[in-house]
Structure formats: C-alpha cells, structure tokens
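Some notes on the structure that comes next.
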Amino acid sequence: QVQLVESGGGLVQVGGSLRLSCAASGTVLRITTMGWYRQAPDKKRELVATITRTGTTNYADSVKGRFTISRDNAKNTLYLEMNTLKPEDTAVYYCTAYTDIWSQFWGQGTQVTVSS
C-alpha cells in the first residue's frame, strides 16, 4: 500500500504561482510513475502531468509551459510548480502513484482556487 498526502493548495490571483507537494509513504520502493490530476466542479477528473521514476515527463496541453512536475525520489515527494495561473486552473488537485504491480493510489486532494 502507498499513502499520498498533498499540500500547498490555496487561493491565488490570476497570474500568480503555487507549488503543490505530495508526500508518499508505505511501499514507496514499488512506485514507478507519479502524477497530478485535477477535477473542477461538474467536470471529469483530468490528467495534468506525469513523471516516471527516471524523470520523463508528460503534460496536458492546457498546462504546457506553465506547470512543471518534478520528484525527489530520496524524499519520496512529488511536486507541481504552477505559474501564470488562470481561473480555469481552479480545481481539486490529486496526486497519484502507480506501482510496479500496476496498482494505482490517490491522495485526498488539495484545492486550488484562482481568482480574477
């Protein structure tokens, strides 16, 4: 089992920045890819970005050039640096982790609100 705890969400103005963190615990040695998803009110959960254990990244088109995903394997922590935030970035952001036996785990989510 893997436990994920997100932090760093909050209220920010348009054009501002936030940094989300996700601390992993449990069977962390089995974690391969990690990622961030988000879900806005009345919308489906969508992929934001993923990163493999070796650092290969993938981003949704809507956040390319503005968001940066990174991870510190020694600290078992995932990050999402969000810049130039827009109102449409408002959502609950979820951390996820995949393991080498194809299990997927989710954090509880952290709210990001971008005010105009």
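The values are calculated or read from the model by the stated rules, or taken from the named source; none is laboratory data. The model shown is predicted, which means the values in this text are computed figures rather than measured ones. Please note: Cβ atoms are built from the backbone with ideal geometry, for glycine as well, and neighbour counts cover all protein chains shown. These accessible areas exclude ligands, DNA and RNA; they are computed on the full protein's heavy atoms, side chains included. Shrake-Rupley method; radii C 1.70, N 1.55, O 1.52, S 1.80 Å.
Which residues, taken from the stretch 99-116, are of a type in the set (Phe, Trp, Tyr), outside any loop (DSSP other than H, G, I, E, B) and open to solvent by 60 Å² or more (accessible area, probe 1.4 Å)?
TRP106
Among the residues that make up the stretch 42-50, is at least one of them more than 18 Å from VAL2 (Cβ to Cβ), of a type in the set (Asp, Glu) and assigned to a loop (DSSP other than H, G, I, E, B)?
Scanning the stretch 42-50 turns up at least one residue that is more than 18 Å from VAL2 (Cβ to Cβ), of a type in the set (Asp, Glu) and assigned to a loop (DSSP other than H, G, I, E, B).
What are the residues in the stretch 51-89 that are in a loop (DSSP other than H, G, I, E, B), farther than 19 Å from SER25 by Cα and of a type in the set (D, E, K, R), if any?
Within the stretch 51-89, ASP61, LYS64, ARG66, LYS86 meet the criteria.
Go through the stretch 87-116 and give me each residue that's closer than 15 Å to GLY8 by Cβ, touching a Phe, Trp or Tyr at 6+ places or on another chain (Cβ under 7 Å) and β-branched (Val, Ile, Thr).
Answer for the stretch 87-116, where residues must be closer than 15 Å to GLY8 by Cβ, touching a Phe, Trp or Tyr at 6+ places or on another chain (Cβ under 7 Å) and β-branched (Val, Ile, Thr): THR110, VAL112.
Have a look at THR68, THR50, THR33, THR84 and point out the one that is more than 10 Å from the chain's Cα centre (by Cα) and either surrounded by 15 or more Cβ atoms within 10 Å (Cβ to Cβ) or over 19 Å from GLY9 (Cα atoms) (or both).
Answer to the check: THR33.
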